[in-house]
Amino acid sequence: MGTKEKILALFEENKGIYFSGEDIAEKLSVSRTAVWKAVKSLQSEGYSIDAVRNKGYSLSANTDILSAQGIKKYLTPVCSEIELTVVSTVDSTNVAVREKAASGAAEGYTLLANNQTKGKGRIGRSFFSPADTGIYMSLLLRPHNYSAQQASKLTTMAAVAACEAIEAVSDKKALIKWVNDIFIDGKKVSGILTEASFNLENGFVDYVVLGIGINVYLPKGGFPSELNNIAGAVFNKSVSDGKNHLAAEFLNRFMGYYHSRESSNCAEKYRNRSLVIGKEIQIISKANPTTAVAVDIDDDCRLIVKYEDGKIERLSSGEISVRLT
């Protein structure tokens, strides 16, 4: 960890508290010139650091910039294996983490970006990922002897974890639209994309890349027209450390479920947060959409639907639409 990263960690742990350049230099065993250069660099990156004569430097309590140092201060021991990397921009966090996985990166490698230029959604779609307003994160997992069915439950764990994390840092109620979308007040605020690589010899998962995008704030200028009536955000206004806290809460909760393997408990929580059960839905396919009623979600998180002719089916994957108002 370089001088700048060490100073940022100190500031993140002590927001609003002033430290003289001399104190910082002594704590970190560096020169005062090195402290000054690091502070200037952080300020150029957007950090609101006050510099007051005879008082020193202080990171504003209102700062909300995604950083590894800002996230780590909220992590619990269940995340001890998490290796955080935060970048300004990337094509796609999922693509980047898949590349790390292919080169042998260990479980727990986690990449977060302030902006994605080619964010990935399900079924080949893109995920709108503007700068400064969201969390775009991918986590590398290497579960032992996981089948495809077990791997699919990781999306369930992530969806429940996302809802719980949102509620931990806000006053909002979060619900799940099967399979992987998180909604607040009828608007989508988060999407999850789980991608797996399988060992062809034994059929088990080699690794899983779990990606999640969360709209923390409304983007400047609003969402694109095609998303304007669909997308929303967790917060209506800037919240001190909102992004770092939310990212950490998600990791704490997800890793808790992952290590405990509480799939049945998670399935019940997933079911209780469903916003489609009991509603008429459209099942999207290459042919014409099919109308059905979402009857329930089973312990494998398959959507149980009843068609107009009375036929019952369990859907393990797919795309649905539902009228929320």
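Could you tell me whether any residue of region 284-295 is more than 27 Å from the chain's Cα centre (by Cα), surrounded by 13 or more Cβ atoms within 10 Å (Cβ to Cβ) and not hydrophobic (A, V, I, L, M, F, W, C)?
Within region 284-295, one or more residues are more than 27 Å from the chain's Cα centre (by Cα), surrounded by 13 or more Cβ atoms within 10 Å (Cβ to Cβ) and not hydrophobic (A, V, I, L, M, F, W, C).
Quick check: anything in region 155-167 at pLDDT below 95, among the hydroxyl-bearing types (Ser, Thr, Tyr) and in a strand (DSSP E or B)?
no
Out of ASN14, ASN54, which single residue is outside the structural domain of SER240 (by TED's automatic domain parsing), over 30 Å from LEU210 (Cα atoms) and in contact with a strand residue (DSSP E or B) (Cβ under 8 Å, 6 or more places away or on another chain)?
After ruling out the rest, the residue left standing is ASN14.
Identify, from the list THR63, THR76, THR85, THR133, the residue that is within 15 Å of the chain's Cα centre (by Cα) and touching a residue at least 60 places away in the same chain (Cβ under 8 Å).
Numbers: THR63 fails: within 15 Å of the chain's Cα centre (by Cα); THR76 fails: within 15 Å of the chain's Cα centre (by Cα); THR85 fails: touching a residue at least 60 places away in the same chain (Cβ under 8 Å).
Result of the check over THR63, THR76, THR85, THR133: THR133.
Just checking, does region 281-289 include any residue being free of Cβ contacts under 8 Å to residues at least 24 places away in the same chain and either closer than 19 Å to ASP181 by Cβ or in contact with a Pro (Cβ under 6 Å, 6 or more places away or on another chain) (or both)? Before the answer, list the steps.
Filtering region 281-289 for residues free of Cβ contacts under 8 Å to residues at least 24 places away in the same chain gives 286-288.
Filter again for either closer than 19 Å to ASP181 by Cβ or in contact with a Pro (Cβ under 6 Å, 6 or more places away or on another chain) (or both), leaving none.
Taking every residue of region 281-289 in turn, none turns out to be free of Cβ contacts under 8 Å to residues at least 24 places away in the same chain and either closer than 19 Å to ASP181 by Cβ or in contact with a Pro (Cβ under 6 Å, 6 or more places away or on another chain) (or both).
Can you say whether THR85 is out of contact with any Lys or Arg (no Cβ under 6 Å at 6 or more places or on another chain), under 11 Å from LEU139 (Cα atoms), surrounded by 19 or more Cβ atoms within 10 Å (Cβ to Cβ) and in the same structural domain as GLY121 (by TED's automatic domain parsing), as far as the supplied structure shows? Write out each step before concluding.
Details: out of contact with any Lys or Arg (no Cβ under 6 Å at 6 or more places or on another chain): yes; under 11 Å from LEU139 (Cα atoms): yes; surrounded by 19 or more Cβ atoms within 10 Å (Cβ to Cβ): no; in the same structural domain as GLY121 (by TED's automatic domain parsing): yes.
For THR85, the condition - out of contact with any Lys or Arg (no Cβ under 6 Å at 6 or more places or on another chain), under 11 Å from LEU139 (Cα atoms), surrounded by 19 or more Cβ atoms within 10 Å (Cβ to Cβ) and in the same structural domain as GLY121 (by TED's automatic domain parsing) - is not met.
Is one or more of the residues making up region 151-171 among the charged types (D, E, K, R), closer than 22 Å to ILE281 by Cα and within 14 Å of the chain's Cα centre (by Cα)? First the steps, then the outcome.
At the first step, the residues of region 151-171 found to be among the charged types (D, E, K, R) are 153, 164, 167, 171.
Going one step further and asking which of them are closer than 22 Å to ILE281 by Cα, we end up with none.
No, region 151-171 contains no residue that is among the charged types (D, E, K, R), closer than 22 Å to ILE281 by Cα and within 14 Å of the chain's Cα centre (by Cα).
Hey, can you tell me all the residues within region 207-259 that are β-branched (Val, Ile, Thr), more than 19 Å from SER92 (Cβ to Cβ) and in contact with a Lys or Arg (Cβ under 6 Å, 6 or more places away or on another chain)? Walk me through how you get there before you give the answer.
Initial filter on region 207-259 (β-branched (Val, Ile, Thr)): 208-209, 212, 214, 216, 230, 234, 239.
Filter once more, keeping what is more than 19 Å from SER92 (Cβ to Cβ): 230, 234, 239.
The answer is ILE230, and nothing else.
Tally time: how many residues in region 142-154 are assigned to a helix (DSSP H, G or I) and more than 18 Å from TYR109 (Cα to Cα)? I'd like the intermediate steps shown before the answer.
First, the residues of region 142-154 that are assigned to a helix (DSSP H, G or I): 148-154.
Then keep just the ones that are more than 18 Å from TYR109 (Cα to Cα); that gives 148-150, 152-153.
Counting residues in region 142-154 that are assigned to a helix (DSSP H, G or I) and more than 18 Å from TYR109 (Cα to Cα) gives 5.
Can you tell me which residue is surrounded by the fewest Cβ atoms within 10 Å (Cβ to Cβ) among those in region 102-146 that are within 23 Å of THR76 (Cβ to Cβ) and charged (D, E, K, R)? Before the answer, list the steps.
Of region 102-146, the ones within 23 Å of THR76 (Cβ to Cβ) are 105-112, 135-144.
This time we only want the ones that are charged (D, E, K, R), so: 107, 142.
On the way: GLU107: 17, ARG142: 15.
Checking each candidate, the answer is ARG142.
Could you look through region 206-257, keep only residues that are assigned to a loop (DSSP other than H, G, I, E, B), modelled with pLDDT of 95 or more and β-branched (Val, Ile, Thr), and pick out the one that is farthest from ALA113 (Cα to Cα)?
Restricting to residues being assigned to a loop (DSSP other than H, G, I, E, B), modelled with pLDDT of 95 or more and β-branched (Val, Ile, Thr), the top hit is VAL234.
So LYS243 fits all but one of (1) surrounded by fewer than 17 Cβ atoms within 10 Å (Cβ to Cβ); (2) touching a Leu at 6+ places or on another chain (Cβ under 7 Å); (3) not aliphatic (A, V, I, L, M); what number is the exception?
With respect to (1) surrounded by fewer than 17 Cβ atoms within 10 Å (Cβ to Cβ); (2) touching a Leu at 6+ places or on another chain (Cβ under 7 Å); (3) not aliphatic (A, V, I, L, M), LYS243 is out only on (1).
Out of SER138, SER197, SER147, which single residue is farther than 19 Å from ALA248 by Cα and either free of Cβ contacts under 8 Å to residues at least 40 places away in the same chain or in contact with a Lys or Arg (Cβ under 9 Å, 6 or more places away or on another chain) (or both)?
Details: SER138 fails: farther than 19 Å from ALA248 by Cα; SER147 fails: either free of Cβ contacts under 8 Å to residues at least 40 places away in the same chain or in contact with a Lys or Arg (Cβ under 9 Å, 6 or more places away or on another chain) (or both).
Result: SER197 is the single residue among SER138, SER197, SER147 that is farther than 19 Å from ALA248 by Cα and either free of Cβ contacts under 8 Å to residues at least 40 places away in the same chain or in contact with a Lys or Arg (Cβ under 9 Å, 6 or more places away or on another chain) (or both).
Take residues that are over 20 Å from ILE230 (Cβ atoms) and either modelled with pLDDT of 95 or more or not assigned by TED's automatic domain parsing to the domain that holds LYS153 (or both) and tell me which of the strands (runs of 3 or more DSSP E) falling wholly in region 265-325 contain 3 or more.
Numbers: elements: 280-284, 290-297, 303-307, 312-315, 319-322.
Strands (runs of 3 or more DSSP E) meeting the threshold: 290-297, 303-307, 312-315.
Going through region 129-141 one residue at a time, which ones are part of a loop (DSSP other than H, G, I, E, B) and among the hydroxyl-bearing types (Ser, Thr, Tyr)? Even if it seems obvious, please write down each step before you answer.
From region 129-141, those part of a loop (DSSP other than H, G, I, E, B) are 129-133; that's our starting set.
Listed by number, the residues that qualify are SER129, THR133.
Sort out which residues of region 179-207 are among the aliphatic types (A, V, I, L, M) and either surrounded by 23 or more Cβ atoms within 10 Å (Cβ to Cβ) or at positive phi (or both), and write them in order of number.
Taking region 179-207 and keeping what is among the aliphatic types (A, V, I, L, M), we get 179, 182, 184, 189, 192-193, 196, 200, 205.
The answer is VAL179, ILE182, VAL189, ILE192, LEU193.
Name the pairs whose Cβ atoms lie under 9 Å apart, with the first residue in region 168-190 and outside the structural domain of GLY232 (by TED's automatic domain parsing), the second in a strand (DSSP E or B) and modelled with pLDDT of 95 or more, and 6 or more positions between them or separate chains?
none
The values are calculated or read from the model by the stated rules, or taken from the named source; none is laboratory data. Quick caveat, the model's predicted, so the values are computed rather than measured. Cβ: placed from backbone, ideal geometry, glycine included. Neighbour counts: every protein chain shown.
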